[in-house]
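Asks: Could you have a look at this structure, given as structure tokens, before my questions?
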Amino acid sequence: MQINPLSDILGAEVVGLDVGNLDKANLKTVQEAFLKYHVLVFREQKLLPEQQIQFATNFGKLDVHIQKDNQYSGHEAMQILSNKKINGKYIGSPSAGDAWHSDLSYTDIPTLCTMLYAVEIPEVGGDTEWSNMYKAYDTLSSEVKSRLKGLHARHTFNRFRNPRIEVPDVYKGKGKERYVDVAPPDAIHPVVRTHPETGHKALYISERFTIGIEELEEEEGQLLLDELIAHQKNRDFIYRHKWSQGDLTIWDNRCLIHLACGGVPEGQIRHMHRVIVRGDKPF
Ligand code: OGA
Ligand code: MN
């Protein structure tokens, strides 16, 4: 097994390892690399759904997403992200992750890590970006850092309550079913969280899910969020991944935010299998 960094800021590829056939020593190496690089890309995997699910359980307990319509038949822990259609209907979510976010931050117990497996990849578009939230926190001025001390943010799944984002075109007219009816109660999390394994601090808000700061007046909170959200998108913190068929990525939602870049032309297919591992309550 070889581990090669993909950028200076985050991410490494793992070459020469079949994650469907892993021994204890390799698993330990992988888990250490995961904490060090935050995103791992296992190249040239050939994974059945059961094998991906089995590999994910090495990182914790699997979670089931609130939207059930993209589940892989027979495996409720697996979701399909896809722009493939059968009888005019998408067979998976075609637009998941289209605004910067950390997975499931709108719940009390958000996602530890997400595993996304590239079954079919378009020639153009469909990249994913990750931004390093340790770095985002570390590079704030000491004034802003002390301002953030003790602050909590409100996160919601409901797109209609978030003025910074819109309902994607594919769900126009069906937004209520998708984003309101299934939304759990808002989650309140510290604006700066401590990673439970590394002990480092990370900025924990996002454009997609964060809608306010609990301790501040509405306008002051929105201005602070605007400032932090702009800071999170600093290109120096970001790695952009161009997928290859067979890539299995795993990323740490406790110290990263991520974005589906979109831009897949009509007629090209992007088809992915996704599994999420439940984390713990942010502190
Ligand atoms: C996700 C996600 C991004 C992408 O699976 O959680 O945001 O590029 N995916 O598919
Ligand atoms: Mn996501």
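Asks: How much mean residue ellipticity at 222 nm does the chain get from its helices, if each DSSP H run of length 4 or more adds -39500 (n - 2.57) and you divide by all residues, to the nearest 500 deg cm²/dmol?
Replies: -5000 deg cm²/dmol
Asks: I would also like to ask the following. Among Ile211, Ile238, Ile269, whose mean-square fluctuation peaks in a Gaussian network model of the chain (Cα, cutoff 10 Å)?
Replies: Its mean-square fluctuation being the largest, the pick is Ile269.
Asks: Give the aspartates and glutamates reachable from Lys89 as a straight Cα distance under 19 Å; neighbours fewer than 8 places away on the same chain don't count.
Replies: Candidates past the 8-residue exclusion: Asp69, Glu120, Asp169, Glu177, Glu266.
Asks: Here's a follow-up. What is the local net charge at Asp98, summed over the other residues whose Cβ is closer than 14 Å to its Cβ (Lys, Arg +1; Asp, Glu -1)?
Replies: 0
Asks: Taking 7 Å along the Cα-to-C-beta vector as the label spot, tell me the Gln67-Thr198 distance in nanometres, rounded to one decimal.
Replies: Reported label-point gap for Gln67 and Thr198 is 2.9 nm.
Asks: What lysines sit close enough to Lys149 to cross-link, taking a C-alpha to C-alpha distance under 26 Å and skipping anything fewer than 8 places away on the same chain?
Replies: Cα-Cα hits under 26 Å: Lys36, Lys135, Lys201, Lys233, Lys281.
Asks: Something else now. Starting from the Kirkwood Rh over alpha-carbon pairs, what translational D in µm² s⁻¹ does region 151-219 have by Stokes-Einstein at 25 °C and 0.890 mPa s?
Replies: Taking Rh from Cα pairs, D becomes 183 µm²/s.
Asks: Okay, moving on. Any chance you could check the Cα centroid distance between region 113-188 and region 60-110 for me, in angstrom?
Replies: So the two Cα centres are separated by 14 Å.
Asks: Okay, moving on. Check which residues have an amide H placed less than 5 Å from Glu166's amide H, if you skip close sequence neighbours.
Replies: For Glu166, whose amide H was placed from the backbone, there are no distant partners under 5 Å.
Asks: Please arrange Met78, Met133, Met1 by how many other C-beta atoms lie within 10 Å of their C-beta, fewest to most. Please report the intermediate quantities before stating the final value.
Replies: Working: Met78 24, Met133 29, Met1 14.
Starting with the residue having the fewest Cβ neighbours, the order is Met1, Met78, Met133.
Asks: If you take the alpha carbon radius of gyration of region 215-258 and divide it by 2.2 N^0.38 Å, what ratio comes out, to two decimals?
Replies: Here the answer is 1.67, to two decimals.
Asks: May I pose another question? How high is the relative contact order of region 2-278? Use alpha-carbon pairs under 8 Å, at least six apart in sequence, and give a whole percent. Don't jump to the answer; show the numbers that get you there.
Replies: Working: 559 pairs, mean separation 95.6, N = 277.
Relative contact order of region 2-278: 35 percent.
Asks: For region 52-97, what is the largest minus smallest coordinate of the Cα atoms on each principal axis, given in angstrom and ordered from greatest to least?
Replies: That gives 37, 22, 16 Å along the principal axes, largest extent first.
Asks: Which net charge results for the neighbourhood of Lys61, defined as the other residues with beta-carbon distances under 11 angstrom from its beta-carbon, given Lys and Arg at +1 and Asp and Glu at -1? Don't jump to the answer; show the numbers that get you there.
Replies: Working: positive: Arg278; negative: Asp63, Asp280.
With Lys, Arg at +1 and Asp, Glu at -1, the net is -1.
Asks: Now, a different point. Would you mind ranking Val119, Val41 by Cβ crowding within 10 Å, fewest neighbours first?
Replies: Result, fewest neighbours first: Val119, Val41.
Asks: Now a separate question. Normalising by the residue count of region 175-244, find the relative contact order in percent from Cα pairs under 8 Å and 6+ residues apart.
Replies: 16 percent.
Asks: Which value in Å does the Kirkwood hydrodynamic radius of the chain take, with 1/r averaged over all unlike C-alpha pairs and then inverted?
Replies: 19.3
Asks: Using packing as a proxy for protection, rank 198-206, 173-181 so that the peptide with the highest average count of other Cβ atoms within 10 Å comes first. Please report the intermediate quantities before stating the final value.
Replies: Details: 198-206: 21.0, 173-181: 13.7.
Packing proxy ranking, top to bottom: 198-206, 173-181.
Asks: Can you tell me, using C-alpha contacts under 8 Å and at least 6 residues apart, the relative contact order of region 1-119 as a whole percent?
Replies: Here the relative contact order equals 15 percent.
Asks: Hey, fewest Cβ within 10 Å first, where do Glu129, Glu143 land in order? Intermediate results must be reported in sequence, preceding the final value.
Replies: Values: Glu129 19, Glu143 8.
The fewest-first ordering by Cβ neighbours comes to Glu143, Glu129.
Values quoted throughout were computed directly from the atomic coordinates according to the rules given, and no laboratory measurement underlies them. Please read all numbers here as calculations on a predicted model, not as lab measurements. So basically every Cβ, Gly included, is an ideal-geometry build from the backbone, and we count neighbours across all protein chains shown.
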